[in-house]
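The values are calculated or read from the model by the stated rules, or taken from the named source; none is laboratory data. What you see is a predicted model, and the numbers here were worked out from it, not measured in a lab. As a convention, Cβ positions derive from the backbone with ideal geometry for all residues, glycine included, and neighbour counts pool all protein chains shown.
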Amino acid sequence: MQRINKATAEAVIDFSGGNPELKGLAEQQLLGTVALYNKLADHQVAYLADEVGMGKTYISLGVAALIRHFNPGLRVLYLLPKNNVRDKWIKDYRAFVHSNYRLEDMAVKGLGGEPVTPFRACHNLSEVVQTVASGNERDLFICTSAFSFAMGNTVADMLRWTQRFEELMPQHRKLLEKIVKQLNAMDGRSNPGGLKRQVKDVWVKALGEMLPRFDMVVVDEAHNLRAGRESSDRNRLLATLLGDNKRIKRLLLLSATPYDRHLGQLRNQLALFGFQGHAALPEGGDPADPAMHAALSRLFVRRLNTLTLDQVAHTRNMYRREHRSGEAAEVKMTVAQKLFAALLQKKVSEHLQENCSNRFELGMLASFESYLPGEKNRPVEFDGHEAADDGDSLRDAADRSVVEYLVDDYESAFKRRPPHPKMDSVSQQTHHLAFVEGKKQLIFVRRVRSVSELKFKLEEAYDDWIGDYIVGDSAVARSYQLYRTRTVERSHSLIESDVSDVFEASASSDNFFTWFYRGQNPELASIKGLGQLPHNFRSTLLQSRLFEANWLSLPGMPAVTSLNIDWSVIGKSESVASPGQRYRLAQYAYLRAVATRDDAAAIVAKRVLNVLFEGFQATCDLADHSVLARELERSTLWDSLRRHGELAALAPQWSPEVFTQLATLNNGAVDRLLRRLSTHQELLGALCRVDHPFIDLYSLRSVRREKDGDADGLFIDALVELLGVQRANHTPFSSYQILRDTVVNLDLLIKLNFPEIYSRSVSGLTKYLATQVRSTSPIRGATGENSASRTAIATLFRMPGYPRVLISTDVFQEGEDLHTFCDSVVHYGISSSPIALEQKVGRVDRVGSLAHRRMLAAGNRYAEHFIQVGFPHIRQSMEFYQVRQAAANMNAFIQTLHAVGHQGPRFKREVELHEELVDQAPVKPQILDFLTSHYEITDEDLQGDDRSEAISNQASVMTRRLAHVKTQLGTTLRDLTGDPQAFVRDAGNGWHLSTAEFDTPSVTVRSAVGMAELLVAATIPCDIDEPGDIHSPIGRVRFLKTLQTDPFRRVLLAPTAEKPKRFAMQNNAENYAGSDGVLVGDEVLDVYRRVSGSSSTSSKRTEESVARIHGMVDRLVLDTERMSIRRLSTWRLEFHFKLEGRYQLVRWGFKGQYVVFTSKVVDRKWTRKLAMFKQFSQSPLVEHTLGRNCRFDLVDFHVDQDEELSVRACHPVQHLNDEELMHIAHQVASQADRLEHVLMGREGDVWDDD
């Protein structure tokens, strides 16, 4: 790996994605990418410590992409802190490759703009094992929590884990035999004691032997590992699997908060992965020491985000307003609240003095958040980072027993629970900000139960507010009265009900919106005067023409009177067309007519039809389709909005410029433009059906009078009038504001929430967008309980409508973007670490955030839009000491990482009351000095080879090659099949060539994994009804041997549900496509004939070609640091994988016009063992033959004629070069070696030549 310069990276990556507004940020990200690449080249380890919100994910993806460009076989492990962060990384990975990686180089970006390298998200250790054993994914995205190994605490739990172990890793079952015997002799409900540690150790040992080596490991939020190896089972397992076994070639750590004053925390992170030697940190713990600073500068890249506001540079501490003390932070109390609070403080203080050495940990007193008890006599549950490892115990609140006693006593005396001053105050203030002033609020708590309690309080306030909002609709007001008189037992569960409807979530009793407006609520059927129920009205909106596009109104498109529309292009069907379908049919016929012209409008029409009407079913129930002509006279919502100038911005841009772009841009640019236009329409339509605007639309339901002939038209007029009134009133929170914010920030929302709109089928956009936004609710909560919904919650909070408030434990502390429409964070519960506090504020303080957008646009009034950070507390309580200590910790943290002020005292995680009581100092104010980083990028970091010209030349060659291949493929296939309708279809995973005939092979061209090449593949169904004797292992092995006799085609499991006695399979053949830069028809014909079972049409093997292949095999011999290849004899090669310490024998030879490589995996005895399973279709033998063939290129996992599991690959002699032959031989050797190691767990032997 050689150093590179900026020009080299610039030739490959464009972080701006073509957006000029992102040019400054893109430059910063590019420099960071080059510096990190070079640090990894020099030292094999680097640490990206840019401030929160500056795009560390994209920079890391850029580093990986650059390395993969030069090494297509790169294997990367991404270690991520939480499930939602993992999902976000995968989404960003795909978006980065599609929009920011410049080249279709077949190494990083393949055909269709998708990543070439297969990747997988692993949710737990079982999935890790399955992926390693059976998958070809080279990039793994795994949560570090998967390594926590929460096995439970009973013997029965341990036995379940041993059973799972034997299913996943049968080759290691002997390791558990003695432990299983001991467990079986014990009571299933008893504690397993030391056996639990032994079971874990066996898992670790087996996993350690199975895991592959990774060329790079990226660790996001690496500060979470700062406690070191022995602090948790998770850290021990990570260290054992990755650090001790030296499975990592390069390590990239990420965190905006790498350590909090203790360099030992940084050493722990490096040591966990075995890289403390590479970092070469000197002894000592002072970052300012010259030798230490030099070492940290070699390791770190840390830049600070700076905004220039009214010509003055501001670092992020300067544009935040932290309300640590004073009126904005201190809770006001009534006399009664003061009395109870004083009594509580006295009792808690006495309890701490008697039982806790007169101290408590920051954030670990329950009374600071609530007086409501959890489960009686059970520990108070706090958020994740403070929880004990593996669920063995829970850390309790020191004041729990005192609070329970006083609350019980209060209830006994006054027959009600005491109100909590802070909870009441925060709820009232939050509601006002969110629903009156229109400012979204993000609240972080420590105590898990506080999430549901605050949510209940805020939902009560919302219900009061919505009652006033709908008072003008008498029927809905009656429904509201019914709702308020009901007695609803609200659950503490935050898990949403299962959703069966694509377009709406289920109704619930959480609040009036979810009870009345969301889903299907059977209670509403009995309410008189409603007319259409909300669920039915939502369906009416979905089937209307409101959100359709009227192409006739686009400037530049011809009038209907100038056309001869052929209505016969619309077929006959029995299903009744909805108003929206009729409108689309009329538009389709109009566009078809325009497409027959010979002008720019015809080009536009053809492109619209190709993109937006792909797969469109042009049929309806009308006897005379010409009656659809009247639909062309009608307007849509967008037409009406454009006629009202002040509302025109809500409609998609519809101008002569758009017409020109559609007529003149290249196909790729037009595809993106049309998809964006469609997303604009569909997304606003979805919000009008499921978000707050639906309340307003439902209030207009009576306007839709079908008898007047154009119910949609009447409704459109009423809706436009309502939106105009809301705009004129400047209401901070309204339907108009939600729609406007969506439109203005559409590109940002697409990037963060809906990047798949550029790769999904356009016909599925309505369902896709509806699915993403359907589960709306005014207030949402997040804890570990609803982790499965975390990504969906974040997606919704990034929208301008509901939810207006998000209450969360630390599950949203890291890695998630919540900044699009929120600029306020409330620390309702205070974390003990300043790292956690900074990370939480970082969710809204990100590049491109609401605060940034508003400050940059506000001129000299930028201070009105500073990010607001709240620390609400009761001044006359011990909570004041907690806030004071947290403020001191935050200031010290800033001084540690930046060149500012003098370093203060060391961090404190605990409050010592005897010290605090005599300390009369106020809460320290936030640091407002301009900050500078100790670890900026230097000129030396950016020096390296300039490969930009070579990259540009290679890109030009690849572009010409792709164009040639695509043309040649279509021509060859049409000639071969005689089907003039055979066509080339672009898709995210390649080019697909298909015909109307089901029983003819479909041909695909896609990128080859691990090599910057194209593959041409042919596939045809191969369905076997009666596989014969598959009840015995011998019969199963022989069935596969017979099935896989043909060495020229592979047999794959088809992607359908399998049945025990019916195998759905496919025949497949693959070759490299156009290895010399020119694809010839023979290469397509070869795979086509092979998969059909016909003899090859390739020319005969000549002596010259034989000699050429022998020369190529001679050139395979090599000896590198990682691998050596020896030619043992004419037909045998020995591969030595040095890092693994294993050998693999590969045989090769000629068969007809092909060269064939083969390698044995396991012998006949082991092959039969693999066939032992209740259902043959789910047996390991089927998985490792027919199943593996679905996931790997070229190589054929099969049962050979000796009834042994083997790997082979063939390729035509005529079209084979040195690089391809090397790759094929290496694939056969490495896949056989890998599978043998997975199955046997030992070093493979070289067997004799027979």
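For this structure, a couple of remarks:
- Matching residues, region 448-475, being closer than 21 Å to Q726 by Cβ and of a type in the set (A, V, I, L, M): I466, I470, V471
- Hits in region 729-752 (condition: hydroxyl-bearing (S, T, Y) and under 24 Å from the mean Cα position of the chain (by Cα)): T742
- G374 modelled with pLDDT under 85, outside any helix (DSSP H, G or I), closer than 17 Å to Q882 by Cβ and within 39 Å of the chain's Cα centre (by Cα): no
- Test: residue in region 385-394 that is polar (S, T, N, Q), at pLDDT below 90 and under 22 Å from N224 (Cα atoms): yes
Residues checked against (1) charged (D, E, K, R); (2) over 30 Å from I874 (Cβ atoms):
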{"position": "Q311", "(1), (2)": "no, yes"}
{"position": "H314", "(1), (2)": "no, yes"}
{"position": "N317", "(1), (2)": "no, no"}
{"position": "R324", "(1), (2)": "yes, no"}
{"position": "V331", "(1), (2)": "no, no"}
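- Residue among H314, H262, H323 that is crowded, with 19+ Cβ neighbours inside 10 Å and farther than 24 Å from Y37 by Cβ: H314
- The combined condition, being modelled with pLDDT of 90 or more and of a type in the set (V, I, T), is fulfilled by V218.
- Any hit, region 863-873, residues being within 30 Å of E756 (Cβ to Cβ), surrounded by fewer than 22 Cβ atoms within 10 Å (Cβ to Cβ) and not assigned by TED's automatic domain parsing to the domain that holds D691: no
- Apart from one condition, N953 fits all of (1) over 30 Å from T896 (Cβ atoms); (2) within 32 Å of the chain's Cα centre (by Cα); the exception is (2).
- Only residues that are surrounded by fewer than 19 Cβ atoms within 10 Å (Cβ to Cβ) and either assigned to a helix (DSSP H, G or I) or not assigned by TED's automatic domain parsing to the domain that holds R538 (or both) were counted in region 648-673, giving 16.
- Residue within region 1196-1208 that is at pLDDT 90 or above, surrounded by fewer than 18 Cβ atoms within 10 Å (Cβ to Cβ) and of a type in the set (S, T, N, Q) present: yes
- For first residues located in region 148-172 and assigned to a loop (DSSP other than H, G, I, E, B), partners that are hydroxyl-bearing (S, T, Y) and lie 6+ apart or on another chain with Cβ distances below 9 Å form the pairs S148/S232; T154/S190.
- Pairing residues of region 1204-1223 that are at positive phi and part of a loop (DSSP other than H, G, I, E, B) with residues that are buried (at least 21 other Cβ atoms within 10 Å of the Cβ) and of a type in the set (V, I, T), at Cβ distances under 8 Å and at least 6 apart in sequence or on separate chains, gives no pairs at all.
- Of all residues in region 44-89, those that are in a helix (DSSP H, G or I) and small (G, A, S) total 4.
- Screening the candidates T33, T117 for the property of being part of a loop (DSSP other than H, G, I, E, B), of a type outside the set (G, A, S) and more than 15 Å from the chain's Cα centre (by Cα) yields one hit, T117.
- Tallying residues that are within 17 Å of V1106 (Cα to Cα) and at pLDDT below 90 within region 1225-1241 yields 0.
- Qualifying residue in region 336-352 (condition: in contact with a strand residue (DSSP E or B) (Cβ under 7 Å, 6 or more places away or on another chain), farther than 30 Å from A413 by Cα, at pLDDT 85 or above and buried (at least 17 other Cβ atoms within 10 Å of the Cβ)): no
- F821 vs. criteria over 22 Å from E437 (Cα atoms), touching a residue at least 12 places away in the same chain (Cβ under 8 Å), buried (at least 22 other Cβ atoms within 10 Å of the Cβ) and in contact with a strand residue (DSSP E or B) (Cβ under 9 Å, 6 or more places away or on another chain): no
- Region 996-1011, subset modelled with pLDDT under 75 and buried (at least 20 other Cβ atoms within 10 Å of the Cβ), residue nearest to T972 (Cα to Cα): M1011
- Residues (of a type in the set (G, A, S) and within 19 Å of V670 (Cα to Cα)) located in region 579-612: A595, A600, A601, A602, A605
- Filtered by the rule that a residue be of a type in the set (D, E), touching a Ser or Thr at 6+ places or on another chain (Cβ under 9 Å) and assigned to a helix (DSSP H, G or I), region 674-724 gives E682, D696, D712, D717.
- In region 791-802 there is at least one residue matching the filter, namely being over 21 Å from A434 (Cβ atoms) and in contact (Cβ under 8 Å) with a residue 12 or more places away in the chain.
The rows are residues; the columns are (1) outside the structural domain of D639 (by TED's automatic domain parsing); (2) at pLDDT below 95; (3) over 38 Å from the mean Cα position of the chain (by Cα).
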position: T561; (1), (2), (3): yes, yes, yes
position: N564; (1), (2), (3): yes, yes, yes
position: S568; (1), (2), (3): yes, yes, yes
position: K572; (1), (2), (3): yes, yes, yes
position: P579; (1), (2), (3): yes, yes, no
position: Q587; (1), (2), (3): yes, no, no
position: T596; (1), (2), (3): yes, yes, yes
position: A600; (1), (2), (3): yes, no, yes
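- Among the residues making up region 759-787, those that are more than 22 Å from D691 (Cβ to Cβ) and outside the structural domain of L673 (by TED's automatic domain parsing) are T783, G784, E785, S787.
Yes/no matrix, rows are residues, columns are (1) part of a helix (DSSP H, G or I); (2) touching a residue at least 12 places away in the same chain (Cβ under 8 Å):
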position	(1), (2)
L183	yes, yes
R189	no, yes
K205	yes, yes
E230	yes, no
L242	yes, yes
K246	no, yes
A256	no, yes
R267	yes, yes
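- Some residue of region 678-694 being surrounded by fewer than 18 Cβ atoms within 10 Å (Cβ to Cβ) and small (G, A, S): no
Conditions (1) in contact with a Phe, Trp or Tyr (Cβ under 7 Å, 6 or more places away or on another chain); (2) surrounded by fewer than 22 Cβ atoms within 10 Å (Cβ to Cβ); (3) of a type in the set (V, I, T), marked per residue:
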position: I750; (1), (2), (3): no, yes, yes
position: L765; (1), (2), (3): no, yes, no
position: T776; (1), (2), (3): yes, no, yes
position: G781; (1), (2), (3): no, no, no
position: S789; (1), (2), (3): no, yes, no
position: Y802; (1), (2), (3): no, no, no
position: V805; (1), (2), (3): no, no, yes
position: T809; (1), (2), (3): no, no, yes
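- Subset of region 126-147 (residues that are within 23 Å of P72 (Cβ to Cβ), in a helix (DSSP H, G or I) and out of contact with any Asp or Glu (no Cβ under 9 Å at 6 or more places or on another chain)): V132
- Tally of residues being farther than 20 Å from A788 by Cα, part of a loop (DSSP other than H, G, I, E, B) and modelled with pLDDT of 70 or more across region 470-522: 11
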